[in-house]
1. Given the criteria in contact with a helix residue (DSSP H, G or I) (Cβ under 7 Å, 6 or more places away or on another chain), touching a residue at least 40 places away in the same chain (Cβ under 8 Å), within 16 Å of ligand 2 (Cβ to nearest atom) and hydrophobic (A, V, I, L, M, F, W, C), does LEU243 qualify?
2. Hey, can you tell me all the residues within segment 257-293 that are under 15 Å from the mean Cα position of the chain (by Cα) and not in a helix (DSSP H, G or I)?
3. Is it fair to say PHE265 is modelled with pLDDT of 95 or more, out of contact with any Pro (no Cβ under 8 Å at 6 or more places or on another chain), of a type in the set (Phe, Trp, Tyr) and under 22 Å from GLU172 (Cβ atoms)?
4. Which number in (1) away from ligand 1 (no atom under 16 Å from the Cβ); (2) surrounded by fewer than 20 Cβ atoms within 10 Å (Cβ to Cβ); (3) over 19 Å from the mean Cα position of the chain (by Cα); (4) not small (Gly, Ala, Ser) marks the one condition that PRO28 misses?
5. Would you pick out the residues in segment 122-178 that are free of Cβ contacts under 8 Å to residues at least 24 places away in the same chain and either part of a helix (DSSP H, G or I) or buried (at least 23 other Cβ atoms within 10 Å of the Cβ) (or both)?
6. Just the residues that are in a loop (DSSP other than H, G, I, E, B), closer than 24 Å to ILE5 by Cβ and open to solvent by 70 Å² or more (accessible area, probe 1.4 Å), please, taken from segment 304-339.
7. Hey, can you tell me all the residues within segment 273-292 that are closer than 20 Å to ASP305 by Cα, acidic (Asp, Glu) and touching a strand residue (DSSP E or B) at 6+ places or on another chain (Cβ under 8 Å)?
8. Identify, by number, the condition in (1) of a type in the set (A, V, I, L, M, F, W, C); (2) over 22 Å from PRO296 (Cα atoms); (3) free of Cβ contacts under 8 Å to residues at least 60 places away in the same chain that LEU25 doesn't meet.
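The values are calculated or read from the model by the stated rules, or taken from the named source; none is laboratory data. Quick caveat, the model's predicted, so the values are computed rather than measured. Heads up, the Cβs are rebuilt from the backbone with ideal geometry, glycines too, and the neighbour counts pull from every protein chain shown. Ligands, DNA and RNA are stripped out before the accessible areas are found, and what is left, the full protein with its side chains, is counted by its heavy atoms. Shrake-Rupley method; radii C 1.70, N 1.55, O 1.52, S 1.80 Å.
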Amino acid sequence: MTDTITIRRPDDWHVHLRDGEMLQLVAPYTARQFARAIVMPNLVPPVTTVEQASAYRDRIVAAAGEGFTPLMTCYLTDKASGDELARGHAERVWVAAKLYPAGATTNSDSGVTDIRNIWAALERMQAIGMPLLVHGEVTSHDVDVFDREAVFIDRVLASLVHDFPDLKVVFEHITTKQAAQFVADAPANVGATITPQHLMLNRNALFQGGLRPHAYCLPVVKREEHRLAVRAAAVSGNPKFFLGTDSAPHVVGAKESSCGCAGLFNAPFAIEAYAQVFDEDGALDRLEAFASLNGPAFYGLPINDELMTLVRGGEIVPDRIGEVVPYGAGSAFGWRIQD
Ligand code: NCD
Ligand code: ZN
């Protein structure tokens with residue numbers, strides 16, 4: 001049995017670092033684990049201009065400290081401008097742009113109401129090699145919340161990938177067997193991020209002995225068969241699948257509420273949680289590809305020089321970090337980072 005594993009330092013290809021006090025609280029946890037992170041732009045107001053993104057990047061660097069590189073994203077709205085996207089990309093402020101279907105998740109009200117509204121922006125992104133990051137859920141009230149990802153593939157994503165054959169597309173935080181299959185079958189310019197919670201939880205977690213707001217995120221966790229399919233994809237070694245925590249902190253009062261917010265704060269013990277999953281599946285030798293190699297390869301960025309060593313035996317996750325309940329509170333993941 002392996003008790004120690006050394007990998008290249010990992011990156012997080014999907015994280016919400018928020019702003020203000022919350023940014024100050026959470027950024028050091030991401031920076032402790034990850035060299036770089038793709039930072040989601042769903043602030044209020046959303047990050048839609050190059051100047052906003054550049055100022056936000058400065059605030060993140062100040063909060064995270066030395067040795068951490070935030071990779072910024074543009075929040076696409078119906079009014080997204082190809083020129084602004086190209087300018088931000090050329091100035092190396094924006095690494096990618098994020099598509100939130102309007103109303104799909106936290107702070108997505110300004111998101112895209114119809115994919116046709118951003119057609120010109122997508123053509124420009126394809127031309128300049130700027131990846132599109134997709135929150136893949138339809139929002140129609142007639143579609144069951146557990147089916148929204150699978151329906152999104154049929155109604156939006158399949159034709160998008162077909163119509164933009166050279167556009168790099170990341171299907172973010174996949175949760176279903178349909179999504180895992182779609183990405184596996186797609187051309188090499190289509191990848192996917194996978195969160196710890198979608199590898200560990202099925203939808204029973206939402207109702208375990210009562211209503212569990214700290215298991216609630218979007219896309220919502222699914223049936224066991226989907227968890228197993230997503231997990232098989234993650235540990236497969238297939239370069240299309242890579243680490244994206246979707247760490248999305250909300251203060252405890254916003255979670256434990258009559259209308260609780262979606263999102264889990266998993267950044268403090270993210271790599272430990274992934275290591276546990278890969279260990280359980282006898283795939284520790286593929287953790288490095290998932291966490292540290294596949295993401296940079298997809299984005300066309302160098303892999304990190306530094307190494308990280310993980311050792312067996314986790315510490316208990318605290319009940320609170322500031323006013324936030326971290327993912328796994330009160331329990332331990334099987335691994336820890338060696339200092
Ligand atoms: C995210 C958030 O709170 O910003 N919430 C979540 O449940 N994942 C938004 C998102 O990524 O959908
Ligand atoms: Zn997210």
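1. So LEU243 fits the description; yes.
2. ALA262, GLY263, LEU264, PHE265, ASN266 - these are the residues of segment 257-293 that are under 15 Å from the mean Cα position of the chain (by Cα) and not in a helix (DSSP H, G or I).
3. Numbers: modelled with pLDDT of 95 or more: yes; out of contact with any Pro (no Cβ under 8 Å at 6 or more places or on another chain): no; of a type in the set (Phe, Trp, Tyr): yes; under 22 Å from GLU172 (Cβ atoms): yes.
Spelling it out, it is not the case that PHE265 is modelled with pLDDT of 95 or more, out of contact with any Pro (no Cβ under 8 Å at 6 or more places or on another chain), of a type in the set (Phe, Trp, Tyr) and under 22 Å from GLU172 (Cβ atoms).
4. (3)
5. Within segment 122-178, ALA127, ASP147, VAL151, ASP154, ARG155, SER159, HIS162, ASP163 qualify.
6. Residues satisfying the conditions are ASP305, GLU306, GLU315, GLN338, ASP339.
7. GLU288
8. (3)
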